[in-house]
1. Subtract the Cα-Cα distance of residue 352 and residue 114 from 0.36 nm times their separation in residues, and report this length gain in nm to one decimal.
2. Which net charge results for the neighbourhood of residue 110, defined as the other residues with beta-carbon distances under 15 angstrom from its beta-carbon, given Lys and Arg at +1 and Asp and Glu at -1?
3. Tell me the net charge near residue 227. Cut-off is 9 Å between Cβ atoms, residue 227 excluded, with +1 for each Lys or Arg and -1 for each Asp or Glu.
4. Could you give the angle, 0 to 90 degrees to the nearest 10, between helix 114-134's Cα long axis and the longest principal axis of the Cα atoms of the chain?
5. Taking a cut-off of 16 Å between Cα atoms, list the aspartates and glutamates near residue 198, but don't count ones fewer than 8 places away on the same chain.
6. Using helices alone, what [θ] at 222 nm do you get for the chain, with -39,500 (n - 2.57) per DSSP H run of 4 or more residues, divided over all residues and rounded to the nearest 500?
7. Could you tell me what percent of the accessible area of the chain is made up of carbon and sulfur, with a 1.4 Å probe and every protein chain present?
8. Of 15, 106, 254, which is farthest towards the positive pole of the chain's charge dipole, taken about the Cα centre with +1 and -1 on the beta-carbons of Lys, Arg and Asp, Glu respectively?
Amino acid sequence: MSQRRNGGQSARTVLERKIWERNETLLEFVEYGNRFAREIGESGTLSERNLKRLVSGRKADGEPIGRPRPATARLLERIFGIGIDELLSPVEPASDDAEQQLHQLLSASRRVDSSALALIHTQLDAMRQLDRRLGAVVVHEEVAAKARQVGRLLSYSLAPGSRRQLAALLSEIGTLAGWQALDLGKVAEAWQHYERAKSAAKESGLAAFEVHAAAEQAFVLLDLGETAAAVELLAVTRKRAGNTTSCVLRAWLAAAHGEALAADRQRSASLGAFDAAANLLPSEPSSAESPYVVLDAVHLSRWRGHALARVGEPEAVDVLSSALTQLDPTFTRAAAALHVDLATACVGLDEREGARLHIAQAERLAEGIGSARQRRRIQSLRSA
């Protein structure tokens with residue numbers, strides 16, 4: 001069960017069926033279950049190996065599986081709201097039920113029209129607004145659930161037009177989930193979200209969504225310290241984007257490339273990429289079908305300031321300070337990052353008091369939104 005089941009397959013145990021209904025792989029459910037255990041203070045944990053045995057109802061030698069440890073049993077019961085005996089009980093083949101569910105899912109996907117898609121887009125926009133204000137710690141589970149919902153609709157959609165639009169939408173949700181996971185410090189989970197976003201983008205047939213999802217994955221590489229790989233990946237995506245995507249997306253790709261180059265200590269190339277981004281950035285929003293990116297003069301300025309601080313340019317303080325005064329206050333995560341960048345620039349100039357003040361501000365904001373990514377940067381600055 002490394003892959004999601006389709007509507008025509010039968011579960012062996014109630015537990016397997018429950019996981020299948022969540023539209024998750026075993027690994028995804030293990031990650032969710034362990035995260036849930038931490039959140040509720042439960043000592044029980046899950047592993048993919050043990051879960052495979054539990055859902056099959058059999059050991060590797062074919063003998064019936066015994067009961068899990070009490071803490072694991074409690075965790076599963078808390079997640080699903082039913083007893084462990086029922087969860088581990090076998091599910092008798094019920095082809096009629098499976099066929100009925102398949103009919104229902106096909107019917108639901110046929111009802112995905114322009115108004116339904118608009119409604120999902122509205123929900124996604126609302127989640128973005130909450131994410132920027134309150135942080136991933138509040139919204140990430142909702143975004144992941146929405147990805148599962150849209151993924152299920154896509155799996156059973158037969159109309160090419162609907163499939164293309166659902167796939168593009170799923171790619172958008174996946175990149176948001178990936179960025180949130182990265183901000184929460186869940187680097188491996190972020191990578192998987194981006195992998196699924198890339199697959200959905202490919203299904204959409206829209207090059208803009210493909211290059212956007214691939215480019216966002218480069219930030220996982222940056223957080224891992226794989227700066228050369230990130231530079232190469234972003235160079236490839238910029239080349240793939242060519243002149244066929246919107247100006248704002250090409251500007252965003254150039255700025256992302258500039259950040260990776262700065263992280264790789266390629267100062268001149270980084271500043272050149274930011275100059276290219278500034279030249280590409282349109283004065284008015286584009287109406288072309290394109291993935292969602294937040295980039296205007298203020299955000300580009302703070303992004304350039306981040307790169308300047310990374311390479312130790314004294315002008316970083318002025319650039320970042322100007323961006324901070326103009327930043328929309330609803331962008332809490334961006335404000336936290338700005339203060340970290342300003343502290344970085346102050347450290348480079350040996351302005352310790354200024355660095356201390358910006359670290360304090362960044363810490364307050366990062367704590368408020370649960371940003372493990374910014375807290376990690378703050379800790380590195382404190383060590384410096």
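1. Gain on stretching residue 352 to residue 114: 80.1 nm.
2. Numbers: positive: 111, 152, 163; negative: 113.
Neighbour charge sum, excluding residue 110 itself: +2.
3. Numbers: positive: 265; negative: 226, 264.
Taking every Cβ under 9 Å from that of residue 227, the sum is -1.
4. Rounded to the nearest ten degrees, it is 60.
5. Once the sequence-local aspartates and glutamates are set aside, what remains near residue 198 is 172, 189, 210, 216.
6. Value at 222 nm, helices only: -24000 deg cm²/dmol.
7. Here carbon and sulfur together make up 50 percent of the probe-accessible area.
8. The listed residue farthest towards the positive side: 15.
The values are calculated or read from the model by the stated rules, or taken from the named source; none is laboratory data. Since the structure is predicted, the reported quantities are computational estimates derived from the model, not experimental observations. Every residue, glycine as well, gets a Cβ built from its backbone with ideal geometry; the counts of neighbours run over all protein chains shown. The area values use the complete protein model at the heavy-atom level, side chains included, leaving out ligands, DNA and RNA. Shrake-Rupley method; radii C 1.70, N 1.55, O 1.52, S 1.80 Å.
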